[in-house]
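What follows is calculated from the coordinates using simple rules that are stated; it is not laboratory data. Model, not experiment: these values are computed from the prediction. As a convention, Cβ positions derive from the backbone with ideal geometry for all residues, glycine included, and neighbour counts pool all protein chains shown.
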Amino acid sequence: MAVTNYPFNVSGVIRGTESLAAANAALTLSDVRAAVAACVQVSGTFSATLVFEVSNDGTTWTAVAARTPTSSAQITSVTAPGLVFVLLGGAVQFRVRVSAYTSGTAVVDLGTCGAAAFDLASSAGGAVDTELPAAALLSDSVATPTAPAVGSFNHLYDPFIDRWHPERGNREVALLGKQNRTATATSAMQINRNSKGLILHIDVDTLVDGTLTFRVYNRADAANVFGEAPLIVSSAIAVPGQYFAMAYPGLTNPTVPTGYNQAVNGILSKHWYCDCTQSSSSVSNYGVSAIEMI
């Protein structure tokens with residue numbers, strides 16, 4: 001038998017070859033503790049059964065399963081030329097043995113590796129590893145996955161609806177599109193996933209007479225069962241122009257950041273919206289947008 005132990009820089013790599021032509025003839029590697037897996041190639045013309053076995057003491061041997069490169073099905077023996085992979089699992093010794101023999105010679109070429117170069121459960125032709133949840137697109141309202149929970153991006157848990165949502169950065173949102181109005185306008189309900197505050201941008205193009213007052217409301221729940229409260233209430237605006245307001249935990253009036261008309265010490269709730277009331281029924285033209293800030 002020819003057995004080669006490669007240098008330390010490829011620790012766990014062993015090659016062995018043997019021609020087996022009798023019952024119980026075997027190719028044995030006496031120390032495979034540094035190896036993770038073995039690749040066994042069988043060639044020749046023979047009528048015999050070859051099995052794969054491991055042992056820690058060299059006396060008691062236990063059969064182990066193998067598989068081919070194109071199937072996840074496990075096999076315990078081979079009766080024809082081919083190539084199989086075997087996981088060694090920390091065993092001390094490994095052998096390929098002739099368990100039944102009729103005729104011919106089976107040539108066994110065996111190699112081990114110190115790091116698994118293949119995945120016995122999910123390589124070509126194999127089955128998906130059922131320990132992990134199936135891959136899926138990340139989206140809002142993701143149900144709690146089967147343990148172990150494995151994800152590529154951070155998610156935040158919403159205990160009220162028992163769902164997970166992707167963690168976001170600052171989000172820009174259009175609240176009220178710029179257009180002519182003669183009465184109170186209310187934005188759609190917004191859902192804040194993980195932001196603490198917001199910047200409100202008010203762009204007034206036309207204001208014939210009267211004033212405009214803009215408000216941002218925190219709502220306790222989407223259905224408004226538990227009520228709502230204003231987070232930002234602008235001063236009455238009587239002149240067209242650009243106006244900015246900010247709400248964020250820790251901000252205090254009258255300290256207003258440069259370029260802003262208003263600053264509020266407050267936190268943005270999960271559900272919120274904006275409206276604008278005008279004191280006159282004359283036509284006004286304005287738009288409102290916001291940036292949720294984490």
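For segment 201-294, state which chymotrypsin sites (Phe, Trp or Tyr not before Pro) are in a DSSP loop and have at most 10 other beta carbons lying within 10 Å of their beta carbon. Counting only loop positions with at most 10 other Cβ atoms within 10 Å, the chymotrypsin sites (Phe, Trp or Tyr not before Pro) in segment 201-294 are PHE226. Shown here for segment 29-111: trypsin sites (Lys or Arg not before Pro) in loop regions (DSSP other than H, G, I, E, B) with at most 11 other Cβ atoms within 10 Å, namely ARG33. In order along segment 280-294, the phi-based Karplus estimate (6.51 cos²θ - 1.76 cosθ + 1.60, θ = phi - 60°) of 3J(HN,Hα) comes to 10, 8, 5, 5, 10, 10, 7, x, 9, 9, 8, 10, 6, 10, 6 Hz; Gly and Pro are listed as x.
Contact order for segment 185-294, expressed relative to its length and based on alpha carbon pairs under 8 Å spaced 6+ residues apart, stands at 45 percent.
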